[in-house]
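Peer 1: My structure is below; once you've seen it, I'll send some questions.
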Ligand code: KG4
Ligand code: ZN
């Protein structure tokens, strides 16, 4: 089905609680994108349990890879290279994907390309926005990361700012737990906020003194917890929809302000968002409005490509592959891998 010049990447992602595999042609065409989500398994514990995640990955990974090949109507013979997330993430979870990718590479003799998970999230923007090319500014907001990044070229990044404490998604998850919504909190706060008043409670918009582009969400989380405690002490019934909406607005205001300031100050005309929190409906519409007002082109992946998936790893893997990046059989999982490091 493919011509000789096509580059077909088999991509594997297992950094957290999604066991995922995809086949991506020439970087931007997703032939298959299979995601086995473990969310139901972890919900009862109120968050991801690393050991359970690793065990489930090992159970599911071969099946998910086979499904990805079948759906793409290819076999391992057709694949050009194998891309795999090797960090950052949960070490035991990452090791499953890395080991399987190495085994496939060893058995087939096809090249192995280790991919940075955040590079994957950023690259998700290339899939549906066929004309998007670097340079642009990207806000990466996920359960583990909040980074404001200049994408200078494919695989070349300059980090302008990051969170000093909690990631944006982590704040959503913690606040959701405090108001009794359960895990994962982001989508639940997103939904409940639609019934609440975002101006009902005034929560802080944190600034980090030393850096214009850094973020801090732990103060906001504490402010929400204090508000809940003081309501309880005063016997005031909490309107959880108002809390959710006011908290969400406080997060979004800071994300929008920092991002737009960076795009303007550095003179870029394109801005993208990535990561699980980028699927938040209020965040997307806030950026849509701001970018329109300021004539900035705004890009975002579909929700399914915002949360963890392997298609984004296939896209990032493709650009690494054509640059000549190859990983050896000593590739290891690196739980705290920094963006731009190899
Ligand atoms: O990118 P992702 O799937 O995994 C990481 O790499 O961390 O992000 C998961 C995070 C979770 O914290 C989840 O609550 C958050 O993304 N999230 C959302 C929404 N959907 C997922 N946060 C806010 N609104 C959403 N709609
Ligand atoms: Zn992720």
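Peer 1: Take the range 261-284 and flag every residue that is in a helix (DSSP H, G or I) and over 15 Å from residue 159 (Cα atoms).
Peer 2: Those that are in a helix (DSSP H, G or I) and over 15 Å from residue 159 (Cα atoms): 264, 276, 277, 278, 279, 281, 282, 283, 284.
Peer 1: Now for a separate question. Any idea which of 97, 109 is modelled with pLDDT of 95 or more and surrounded by fewer than 24 Cβ atoms within 10 Å (Cβ to Cβ)? If you could, list the steps in order and put the result at the bottom.
Peer 2: Working: 97 fails: surrounded by fewer than 24 Cβ atoms within 10 Å (Cβ to Cβ).
Result: 109 is the single residue among 97, 109 that is modelled with pLDDT of 95 or more and surrounded by fewer than 24 Cβ atoms within 10 Å (Cβ to Cβ).
Peer 1: Is it fair to say residue 169 is within 30 Å of residue 325 (Cβ to Cβ) and more than 14 Å from ligand 2 (Cβ to nearest atom)?
Peer 2: No, not satisfied.
Peer 1: Does any residue of the range 200-223 turn out to be within 16 Å of ligand 2 (Cβ to nearest atom) and either more than 18 Å from the chain's Cα centre (by Cα) or within 13 Å of residue 254 (Cβ to Cβ) (or both)? Lay out the reasoning, then the answer.
Peer 2: Of all residues in the range 200-223, those within 16 Å of ligand 2 (Cβ to nearest atom) come to none.
No, because not a single residue in the range 200-223 is within 16 Å of ligand 2 (Cβ to nearest atom) and either more than 18 Å from the chain's Cα centre (by Cα) or within 13 Å of residue 254 (Cβ to Cβ) (or both).
Peer 1: Of the conditions (1) modelled with pLDDT under 95; (2) in contact with a strand residue (DSSP E or B) (Cβ under 6 Å, 6 or more places away or on another chain), residue 17 satisfies every one except a single condition; which number is it?
Peer 2: (2)
Peer 1: For the range 316-327, how many residues meet the condition of being in a loop (DSSP other than H, G, I, E, B) and farther than 13 Å from residue 84 by Cβ?
Peer 2: 1
Peer 1: Does the range 220-227 contain at least one residue that is within 15 Å of ligand 1 (Cβ to nearest atom), within 21 Å of residue 140 (Cβ to Cβ) and part of a helix (DSSP H, G or I)? It would help to see each step written out before you state the result.
Peer 2: Quick first cut of the range 220-227, residues within 15 Å of ligand 1 (Cβ to nearest atom) only: 220-221, 224.
Narrowing further to those that are within 21 Å of residue 140 (Cβ to Cβ): 220-221.
Subset that is part of a helix (DSSP H, G or I): 220-221.
Looking through the range 220-227, at least one residue is within 15 Å of ligand 1 (Cβ to nearest atom), within 21 Å of residue 140 (Cβ to Cβ) and part of a helix (DSSP H, G or I).
Peer 1: Additional query: Scan (1) surrounded by 24 or more Cβ atoms within 10 Å (Cβ to Cβ); (2) closer than 30 Å to residue 326 by Cβ; (3) away from ligand 2 (no atom under 16 Å from the Cβ) for the single condition residue 124 breaks and write down its number.
Peer 2: Going through the list (1) surrounded by 24 or more Cβ atoms within 10 Å (Cβ to Cβ); (2) closer than 30 Å to residue 326 by Cβ; (3) away from ligand 2 (no atom under 16 Å from the Cβ), residue 124 breaks only (3).
Peer 1: Kindly check whether there is at least one residue in the range 304-326 that is within 16 Å of ligand 2 (Cβ to nearest atom) and free of Cβ contacts under 8 Å to residues at least 40 places away in the same chain.
Peer 2: no
Peer 1: Could you say which residue among 199, 190, 173 is more than 10 Å from ligand 1 (Cβ to nearest atom) and either without any contact (Cβ under 8 Å) to a residue 12 or more places away in the chain or not in a strand (DSSP E or B) (or both)?
Peer 2: Values: 190 fails: more than 10 Å from ligand 1 (Cβ to nearest atom); 173 fails: more than 10 Å from ligand 1 (Cβ to nearest atom).
Answer to the selection: 199.
Peer 1: Would you check which residues across the range 108-126 are in contact with a helix residue (DSSP H, G or I) (Cβ under 6 Å, 6 or more places away or on another chain) and away from ligand 1 (no atom under 15 Å from the Cβ) and list them?
Peer 2: 108, 112, 113, 126
Peer 1: What's the number of the condition residue 182 fails, among (1) at pLDDT below 95; (2) more than 16 Å from ligand 2 (Cβ to nearest atom); (3) within 25 Å of residue 262 (Cβ to Cβ)?
Peer 2: Going through (1) at pLDDT below 95; (2) more than 16 Å from ligand 2 (Cβ to nearest atom); (3) within 25 Å of residue 262 (Cβ to Cβ) one by one, residue 182 breaks only (3).
Peer 1: Continuing with the same structure: When residues of the range 29-81 are filtered for being in contact with a strand residue (DSSP E or B) (Cβ under 7 Å, 6 or more places away or on another chain), in contact (Cβ under 8 Å) with a residue 24 or more places away in the chain, outside any helix (DSSP H, G or I) and under 30 Å from residue 178 (Cα atoms), how many remain?
Peer 2: Selection size over the range 29-81: 2.
Peer 1: Among the residues that make up the range 82-92, is at least one of them in a helix (DSSP H, G or I) and either surrounded by 21 or more Cβ atoms within 10 Å (Cβ to Cβ) or in contact (Cβ under 8 Å) with a residue 24 or more places away in the chain (or both)? Walk me through how you get there before you give the answer.
Peer 2: As a first pass, look at the range 82-92 and keep what is in a helix (DSSP H, G or I): 91-92.
Subsequent filtering for residues that are either surrounded by 21 or more Cβ atoms within 10 Å (Cβ to Cβ) or in contact (Cβ under 8 Å) with a residue 24 or more places away in the chain (or both) retains 91-92.
Within the range 82-92, one or more residues are in a helix (DSSP H, G or I) and either surrounded by 21 or more Cβ atoms within 10 Å (Cβ to Cβ) or in contact (Cβ under 8 Å) with a residue 24 or more places away in the chain (or both).
Peer 1: On to the next question. Those residues that are in a helix (DSSP H, G or I) and in contact with a strand residue (DSSP E or B) (Cβ under 6 Å, 6 or more places away or on another chain), I need them from the range 157-170; list them, please.
Peer 2: Of everything in the range 157-170, just one residue is in a helix (DSSP H, G or I) and in contact with a strand residue (DSSP E or B) (Cβ under 6 Å, 6 or more places away or on another chain), namely 168.
The values are calculated or read from the model by the stated rules, or taken from the named source; none is laboratory data. What you see is a predicted model, and the numbers here were worked out from it, not measured in a lab. Don't worry about glycine lacking a Cβ; one is built from the backbone with ideal geometry, like all the others, and counts go over all protein chains shown.
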